[in-house]
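> Attaching a single structure in structure tokens format; questions to follow.
The values are calculated or read from the model by the stated rules, or taken from the named source; none is laboratory data. Computed from a prediction, not measured in an experiment: that's the story for all the values here. Positions of Cβ are backbone-derived with ideal geometry, glycine not excepted, and every protein chain shown enters the neighbour counts. We work out accessible area using only protein heavy atoms, side chains counted, and drop any ligands, DNA or RNA first. Shrake-Rupley method; radii C 1.70, N 1.55, O 1.52, S 1.80 Å.
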Amino acid sequence: QVQLVESGGGSVQPGGSLRLSCATSGRILSFRSMGWYRQVPGKQRELVAVIAPNGITQYSDSVKGRFTISQNKARNAVYLQMDSLKPEDTAVYYCNGRIQSDFWGQGTQVTVSS
């Protein structure tokens with residue numbers, strides 16, 4: 001069973017930075033893609049960023065230019081560097097790994113508030 005474990009969430013003021021980490025129990029090269037999603041109460045989970053094994057990335061328009069997704073194949077880990085954070089970035093962030101189905105981490109809370 002594949003397991004994904006997120007870490008690095010917390011509270012930060014607007015304009016600040018956070019770095020999320022996702023450790024996997026499997027080899028990230030086994031995944032078709034890995035990514036980060038976020039969800040706020042009452043809304044659907046939305047894509048934030050995704051990365052393919054070859055390093056190709058995709059971002060939602062709302063985070064483009066502020067967030068950076070990266071991977072460390074040796075450590076089977078994926079990261080999300082979040083800069084210039086805004087209050088609207090407040091959400092629970094989930095790590096996702098996709099093979100033939102989706103695997104999810106437990107989520108980590110990110111709160112951006114003054």
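> If you go through region 8-27, how many residues are over 15 Å from TRP104 (Cβ atoms), under 14 Å from the mean Cα position of the chain (by Cα) and not in a loop (DSSP other than H, G, I, E, B)?
Qualifying residue count, region 8-27: 4.
Residue by residue, here is whether (1) part of a loop (DSSP other than H, G, I, E, B); (2) more than 17 Å from SER7 (Cβ to Cβ) holds:
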{"site": "GLY35", "(1), (2)": "no, no"}
{"site": "ASN54", "(1), (2)": "yes, yes"}
{"site": "GLN58", "(1), (2)": "no, yes"}
{"site": "TYR79", "(1), (2)": "no, no"}
{"site": "GLN100", "(1), (2)": "yes, yes"}
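> Checking the condition touching a residue at least 60 places away in the same chain (Cβ under 8 Å), loosely packed, with under 12 Cβ neighbours inside 10 Å, more than 19 Å from SER113 (Cβ to Cβ) and among the charged types (D, E, K, R), which residue from ARG32, ARG98 passes?
Being touching a residue at least 60 places away in the same chain (Cβ under 8 Å), loosely packed, with under 12 Cβ neighbours inside 10 Å, more than 19 Å from SER113 (Cβ to Cβ) and among the charged types (D, E, K, R) holds for just one of ARG32, ARG98, which is ARG32.
> OK, next. Hey, among the residues in region 68-78 that are of a type outside the set (D, E, K, R) and out of contact with any Cys (no Cβ under 7 Å at 6 or more places or on another chain), which one's most open to solvent (accessible area, probe 1.4 Å)?
Only one residue fits best here, namely ALA74.
> Same structure again: Looking at the structure I just gave you, is VAL48 in contact (Cβ under 8 Å) with a residue 12 or more places away in the chain, outside any loop (DSSP other than H, G, I, E, B), among the β-branched types (Val, Ile, Thr) and open to solvent by less than 50 Å² (accessible area, probe 1.4 Å)?
yes
> Another question, then. Scan region 9-29 for residues that are over 18 Å from SER113 (Cα atoms) and surrounded by fewer than 13 Cβ atoms within 10 Å (Cβ to Cβ) and jot them down.
Correct list: SER25, ARG27, LEU29.
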